[in-house]
Amino acid sequence: MTQPVTRAHNFSPGPCVLPASVLAELSEELPDFNGQGMSLIEMSHRDPVYDEIHCETIDLLTSLWKVPNDFSVLLLQGGASLQFAMAPLNLLGEKGDTAGYIVSGSWAAKAIADAKLIGDTYSAWTGADHGFTRMPTADEVEIRPGTRYLHVTSNETIGGIRLPDFFDPGVPMVADMSSDYLTRHIPWDRFDLVYGGAQKSLGPAGLTVVFVRQSVLDATPDGIPAYLRYDTHASANSVANTPPVFAVWATGKMLRWVGNNGGVDGMEKRATERSSMVYRVIDDSQGYYRSPVEPVDRSTTNIVFRLPTEEAEAAFLAGAASEQLLNLKGHRSVGGIRASIYNGLATESVQALVDFMERFAADGR
Ligand SMILES: *Cc1c(COP(=O)(O)O)cnc(C)c1O
C-alpha cells in the first residue's frame, strides 16, 4: 500500500478536510469493494451492493439529525448553487406568492439573484449597510403579506457570520446550511426545505444534500423539467438518474465518523470549543488580531480575522504555510485571514494554528 501521509493542517473553506480514518478506509476499499472484483465506483447504481451504501447514507443523515418522518432526504448534484434556482422553482408555484430573503452576505446575494429570475422575491433584511458583519435579530426581519418562505443562509462562509438561532418568522423557512451542516440541531417544524453542498462539512464535492417537506412535494407546480423537481428525486429515492456514487459512499463514511464522535451534539460542542480557541487568541491579542464580526454572530466554522496591515497578513500567511498551516487566505472578495474549521479537521490542527497565532503576534507587536 501507499506510504503513510504527513497530513498538512488544512483550513480549506471547501472542499473540506476529511478525517484520516475516513480517507484510509476509502483507499483500502477503493480497488475491490467487498471482494466483488470491482470498485464500488465501477458498479451500477442499481446494484444492491450500491443500494445498501446509498440507503445507509440517507438513514444516517435522518437519524443523526433527527429528521422528521414527513421530510425526504435527497442526494443530488449541482451543488448548493443549483438549489438557488430549484428552491424557488418548486416553492413559488402559486400566483401572488412571494419569497423573502435575508441578504446576509455573498451566498445569500447569489440565492436571491437566481430566485428573482423565477418568481417574486424581496429582501427581508440586508447586511450591506454593515458590511455583512452581522445577522439580523428577529424583529429586524420584514415579512410581507403573501410570503411563501423566508430564505436564510445559516452560515455565511465568506463573511464568517452565523445565524445564532432559528427564530420563528411566522412563515416556513428555507435554509442554505452548506457550511454548518450537522454542527447543530435545528427546529424542523419551522422549515420546508434545507439544503447544502456536502463538501463543506459532510464529505467530498459532487453531492448536494436536500431535506424537503412532503407538503412541498405534494404542491410541486407544473412545467418544471424533471431533474429540477424535488418530487422526481423523492419518489425515486434519489436514483432517478445516476447519483454521485463516490461522494455518497464517502459521505456515508464521514457520517459514521460523526456518529462515533458524539453525533450532532458532539459536532456542535466540537465546533463551539474549537472556534473559541481561535477567537480567544483574537480577543486576547490587544487588537493585533481583529474580528470584524459582531460577537453573537461569530461563525463556529469559518473564522475571519484581520491583522494590522496587509503586509502583516501576507507575512502571516507565508509563516503559517512554512509550518504546514494551509489555505488560510480570506476569500478574494474580502481579503484578510479565514480559518475554516469543519467537522473533520483534527483538533491538533486547531491547536497548531492557535500556537502559531500567539507566536506571530508576540513577534509582530
Ligand atoms: C460553498 C457555498 C455555496 C455554493 O456551494 P456549491 O456546492 O459550490 O454550489 C452556497 N452556499 C454557501 C453558504 C456556501 O458556503
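The values are calculated or read from the model by the stated rules, or taken from the named source; none is laboratory data. Computed from a predicted structure; not experimentally measured. No Cβ is skipped: glycine too gets one built from the backbone with ideal geometry, and neighbour counts run over all protein chains shown.
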Residue, farthest from the ligand (Cβ to nearest atom), within the range 190-201, restricted to residues that are outside any strand (DSSP E or B) and in contact (Cβ under 8 Å) with a residue 40 or more places away in the chain: 201
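Can you tell me which residue in the range 27-51 is surrounded by the most Cβ atoms within 10 Å (Cβ to Cβ), limited to those that are of a type in the set (Ser, Thr, Tyr) and assigned to a loop (DSSP other than H, G, I, E, B)?
Here the residue is 39.
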Residue within the range 139-158 that is within 11 Å of the ligand (Cβ to nearest atom), in contact (Cβ under 8 Å) with a residue 60 or more places away in the chain and assigned to a helix (DSSP H, G or I) present: no
Test: residue 115 is within 29 Å of residue 342 (Cβ to Cβ), within 16 Å of the ligand (Cβ to nearest atom), part of a loop (DSSP other than H, G, I, E, B) and not polar (S, T, N, Q): no
Condition met for residue 348 (crowded, with 16+ Cβ neighbours inside 10 Å, outside any loop (DSSP other than H, G, I, E, B) and among the acidic types (Asp, Glu)): no
Those residues of the range 170-187 which are away from the ligand (no atom under 12 Å from the Cβ) and either closer than 17 Å to residue 91 by Cα or free of Cβ contacts under 8 Å to residues at least 12 places away in the same chain (or both), in sequence order: 170, 171, 172, 173, 174
Residue that is surrounded by the most Cβ atoms within 10 Å (Cβ to Cβ) [pool: residues in the range 202-219 that are among the small types (Gly, Ala, Ser) and within 16 Å of the ligand (Cβ to nearest atom)]: 203
Qualifying residue in the range 72-84 (condition: modelled with pLDDT of 95 or more and away from the ligand (no atom under 16 Å from the Cβ)): yes
Any chance residue 93 is touching a residue at least 40 places away in the same chain (Cβ under 8 Å) and either under 12 Å from residue 176 (Cβ atoms) or not assigned by TED's automatic domain parsing to the domain that holds residue 216 (or both): no
Enumeration of residues in the range 316-328 that are under 18 Å from residue 361 (Cβ atoms) and of a type outside the set (Phe, Trp, Tyr): 317, 318, 319, 320, 321, 322, 323, 325, 328
Whichever residue in the range 120-144 is over 13 Å from residue 103 (Cβ atoms) and within 25 Å of the chain's Cα centre (by Cα) and, among such residues, is surrounded by the most Cβ atoms within 10 Å (Cβ to Cβ): 133
Matching residues in the range 335-365 - criterion: being free of Cβ contacts under 8 Å to residues at least 12 places away in the same chain and aliphatic (A, V, I, L, M): 362
Subset tally (residues that are in contact (Cβ under 8 Å) with a residue 24 or more places away in the chain and in contact with a helix residue (DSSP H, G or I) (Cβ under 7 Å, 6 or more places away or on another chain)) for the range 307-334: 9
